[in-house]
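One structure is given here, and the rest of the page talks about it.
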Amino acid sequence: MISFRSFKERLNIYRRYPHWSHLNCIFVHVPKAAGTSVNKALYGRTLGHYSAAEIQRTFPNLYGRAFTFSLVRNPWDRVLSAYRFACVGRTDSMGVHKPEQYRIPEFESFERFLCEWLPKQDVEKLDYIFRPQWMFVCDDSGEVMVDHLGRVEALDETVDVLGQKLGKPILINNENSTGSPKRDFRNAYTRPEMVEVVRAIYLRDIELFGYEFERMSAST
């Protein structure tokens, strides 16, 4: 039996059509990858988290003619942001699903979260904020399904592409912040084991998008 949440999400995707169709531009929002800021800059509101495959399946004609794009983020940085978001429970823009499930001892520190909680989970079935990024932008074989795949770390490049495609300047503000001061995410990884946990769990993202803990791979 389909859950109420799944039914609501399915219904809501049809309400997104006018926004995507009006601009002839579809932004595939990977959670915790600057998507709230991009959505508000383009559409004036957030539009939820739908995979490229789901949007294509629901609106094949629109998907075939529209400009499609997405953003990915360094997995080590993204999972830290997701952890902080789960701990806070919500921001001014949106909330996490069932925040009470994260009020447990394993979430008392980032180290415990990574070493005790996350390895026991099936990340492909967790809340969107913890799911691998490839699930949103790739097909099952790992082929990217959007016309432009940018990086949060090089957001200006995507802004330039959007300006050219839409014929107008795009201003992206920093939305959906958890309120934590911006620091180098690497400082949160106090033990080598923490780095390797993320590598093991999000290996497909790391390999597909060419990320490394210290730097992006030379091939990207």
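Sequentially through the stretch 137-143, phi angles give Karplus couplings (6.51, -1.76, 1.60; θ = phi - 60°) of 10, 10, 7, 4, 8, x, 7 Hz, Gly and Pro residues having no value and appearing as x.
Taking 0.36 nm per residue of separation and subtracting the Cα-Cα distance, full extension of the segment from A154 to F185 would add 9.5 nm. Placing dummy labels 7 Å off each Cα toward the beta-carbon, the span from K125 to S21 is 3.7 nm.
Taking amide H as placed 1.01 Å from N in the peptide plane, F67 has its amide H under 5 Å from the amide H of C25, I26, each at least 5 places away in sequence or on another chain. Given (i) 20.1; (ii) 17.1; (iii) 18.2, which label gives Kirkwood radius over Cα pairs in Å as computed from the coordinates? Label of the calculated value: (iii).
Among H49, H22, H29, H148, rank each residue by its count of other Cβ atoms within 10 Å, from fewest to most, as a rough exposure measure. Fewest to most other Cβ atoms nearby, the residues stand as H22, H148, H49, H29. Helix 75-88 and the long axis of the chain differ in direction by around 80°, with both axes built from C-alpha atoms. One chain, two ends: V161 and E212. Fully extended at 0.36 nm per residue, the span grows by 15.9 nm beyond their Cα-Cα distance. Ranked by the mean number of other Cβ atoms within 10 Å of their residues, highest first, the peptides 130-139, 12-21 fall in the order 130-139, 12-21. With respect to the chain, whose longest principal axis is taken over its alpha-carbon atoms, helix 192-201 is tilted by about 40°.
On a 0 to 90° scale, report how tilted helix 155-166 is relative to the longest principal axis of the chain, with both axes built from alpha carbons and the result rounded to the nearest 10. Rounded to the nearest ten degrees, it is 10.
Each of V195, V79 was scored by other Cβ atoms within 10 Å of its Cβ. Arranged with the fewest first, they read V195, V79.
Counting other Cβ atoms within 10 Å as a rough exposure proxy, the listed residues V152, V72 run V152, V72 from fewest neighbours to most.
No value in this document is a laboratory result; all are computed from the given coordinates. Note that the coordinates shown come from a computational prediction; the quantities given were computed from them, not determined experimentally. We place every Cβ from the backbone using ideal geometry, glycine too, and count neighbours over all the protein chains shown.
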